[in-house]
Amino acid sequence: MDKIEDLEKFSRLLEPNSEQRKYLFENVIAYSEKFLERNKNSKCYIKNDLNDENIFLIDEQPVDIKNILEILNNHVDNDGINLTSGKYLGYIPGGGLYHAALGDYLAAVTNKFAGISFVSPGAVKIENSLIKWMSREIGYPENSAGNLTSGGSISSLSAVVAARDDRIIENNKIKQAVVYLTDHTHHCIEKALHIAGLSSCIKRRIPVDEKYRMSTNELRKTVRNDLENSLIPWLVVGTAGTTNTGSVDPLTEIHQIASEFEIWFHVDGAYGGLYSLTSEGKEILKGLEYSDSVVLDPHKTLFLPYGTGTVILRNRAKLYKAFNADADYIENTFDNETEISPSDLSPELSKHFRGLRLWLSLKINGISAFRAALSEKIYLARYFFNKLNSVNGFEMGPFPDLSISTYRYIPKNGDADSFNMKLMKEIQNEGKIFISSTRLAGKVVLRAAIQSFRTHRDEIDEAIEVLEYYAKRLETN
Ligand SMILES: *Cc1c(COP(=O)(O)O)cnc(C)c1O
């Protein structure tokens with residue numbers, strides 16, 4: 001009994017009282033306020049080598065929250081790329097809506113179990129209603145089903161596994177099964193194939209047109225050829241907004257070919273799919289609604305913090321078949337269920353109640369604010385394209401399908417590839433804006449990915465000024 005009493009004294013430290021909670025909370029809020037208030041003027045990139053391994057060591061003794069926040073301030077929140085800046089235009093910008101942070105706070109305090117309907121019916125209903133809402137927005141049928149995942153990569157894995165099981169791609173069939181991609185398909189598809197045990201299936205890289213969209217003539221030819229050679233055309237991946245250039249594959253035509261030859265049609269809309277919320281996007285994304293499965297990333301296109309992805313299958317039974325499981329120790333939880341449980345549609349059992357961060361953000365702001373922000377990004381990309389196009393020396397890539405624009409500077413002398421790499425590095429290191437590069441048809445090309453809810457016209461004007469200034473400076477030096 002003495003032992004228990006002793007232990008209890010210590011273990012009770014894990015439950016702060018009201019006053020202690022207030023102290024913790026006020027310090028954390030003050031810290032996040034400071035972070036947000038200076039964010040507009042923070043550099044987009046700070047190089048800060050972490051050479052002291054001991055900074056993050058944990059020990060047996062408690063530490064005051066003020067000291068802990070100091071560590072975050074000095075070694076975590078002010079180095080590397082500032083992904084919360086509106087002037088961050090690299091890769092695919094993420095979000096970080098404040099409302100989502102409040103949702104996470106509540107989800108953690110109440111610790112609702114979003115995996116099984118019997119355990120937390122309300123939490124599961126929130127998740128399922130968000131899936132229903134997204135399904136409606138992209139034009140999927142009522143009986144589709146999906147899952148809120150940690151991101152696009154896990155969503156893609158879920159879709160690939162469901163497609164594999166539906167077409168029974170196993171044993172000897174794996175080596176004959178053909179997947180159709182382009183050079184612009186995100187590498188998470190190959191990762192998913194590998195994890196799903198399908199590394200040895202055949203991958204066909206279908207050529208793209210001048211706007212980097214899959215050539216459907218080539219797709220049809222390749223499928224016919226594969227059939228003549230007794231192979232099994234199994235999966236075609238269309239990208240609704242490639243990471244490279246933001247271009248959208250011709251989804252309607254891909255669907256026609258896929259249905260003619262009974263190929264599973266998957267759409268990777270991790271970056272671009274949720275542009276369906278806008279009338280401009282809907283037009284460009286036509287055909288998305290015919291796919292068998294789709295991936296959408298609210299942590300990109302709905303500005304949520306990282307850790308919010310979505311997979312949706314047109315036919316709910318196919319997702320259920322791939323992931324439902326039963327066990328003696330959770331048997332009774334499946335009784336009397338009216339709502340489909342996320343754990344039956346996903347590799348996860350216990351999971352973060354990530355629906356709340358999305359639901360709260362949508363409820364507080366209303367969907368219309370998101371539609372406006374996304375339309376704004378499309379028009380900003382067009383504005384960026386037209387404005388940089390009129391600056392001497394810049395050569396633009398194709399007119400943007402969504403919110404990514406590609407370009408490069410052509411110097412009067414010397415190699416354009418190394419010039420543009422240097423230009424990018426200088427801009428990154430100075431930190432006023434952040435841009436990244438890619439290679440298209442072997443050439444170095446710079447990108448502006450306009451995807452943050454904090455990016456508006458001022459930020460784009462500044463980006464143009466920075467690009468012009470540094471290009472001229474580099475050229476005259
Ligand atoms: C970002 C992205 C992915 C990967 O998604 P994560 O959420 O980073 O795992 C997949 N496909 C496309 C087109 C993307 O832009």
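The values are calculated or read from the model by the stated rules, or taken from the named source; none is laboratory data. It should be emphasised that the depicted structure is a prediction, and the values quoted were computed from it without experimental measurement. Glycine also receives a Cβ, built like all others from the backbone with ideal geometry; neighbour counts cover every protein chain displayed.
Worth a mention:
- If you check HIS187, HIS194 for being free of Cβ contacts under 8 Å to residues at least 12 places away in the same chain, under 27 Å from ILE284 (Cβ atoms) and out of contact with any helix residue (DSSP H, G or I) (no Cβ under 7 Å at 6 or more places or on another chain), only one passes: HIS187.
- Within the option set SER135, SER156, being buried (at least 18 other Cβ atoms within 10 Å of the Cβ), within 16 Å of the ligand (Cβ to nearest atom) and modelled with pLDDT of 95 or more holds for one residue only, SER156.
- Some residue of region 87-98 being surrounded by fewer than 19 Cβ atoms within 10 Å (Cβ to Cβ), more than 16 Å from the ligand (Cβ to nearest atom) and closer than 25 Å to GLN20 by Cβ: yes
- In region 141-153, of all residues being within 11 Å of SER293 (Cα to Cα) and under 20 Å from the mean Cα position of the chain (by Cα), the one that is nearest to the ligand (Cβ to nearest atom) corresponds to GLY146.
- Checked against (1) more than 16 Å from the ligand (Cβ to nearest atom); (2) closer than 25 Å to SER199 by Cβ; (3) in contact (Cβ under 8 Å) with a residue 40 or more places away in the chain, ASN225 meets all criteria but (3).
- Exactly one residue out of LEU440, LEU402, LEU474 is buried (at least 20 other Cβ atoms within 10 Å of the Cβ) and touching a residue at least 40 places away in the same chain (Cβ under 8 Å), and it is LEU402.
- Selection of region 415-441 for residues being over 20 Å from TYR45 (Cα atoms) and modelled with pLDDT of 95 or more yields ASP415, ALA416, ASP417, SER418, PHE419, ARG439, LEU440.
- Looking only at region 159-204, and only at residues there that are polar (S, T, N, Q) and closer than 22 Å to ARG224 by Cα, the one that is farthest from the ligand (Cβ to nearest atom): ASN172
- Within region 259-310, being away from the ligand (no atom under 11 Å from the Cβ), touching a residue at least 12 places away in the same chain (Cβ under 8 Å), part of a helix (DSSP H, G or I) and in contact with a Gly (Cβ under 9 Å, 6 or more places away or on another chain) holds for LEU274, TYR275, SER276, GLY281, ILE284, LEU288, GLU289, TYR290.
- Search result, residues across region 204-231 that are part of a strand (DSSP E or B) and surrounded by fewer than 18 Cβ atoms within 10 Å (Cβ to Cβ): ARG205
- Odd one out for VAL237 among (1) part of a loop (DSSP other than H, G, I, E, B); (2) buried (at least 17 other Cβ atoms within 10 Å of the Cβ); (3) in contact (Cβ under 8 Å) with a residue 40 or more places away in the chain: (1)
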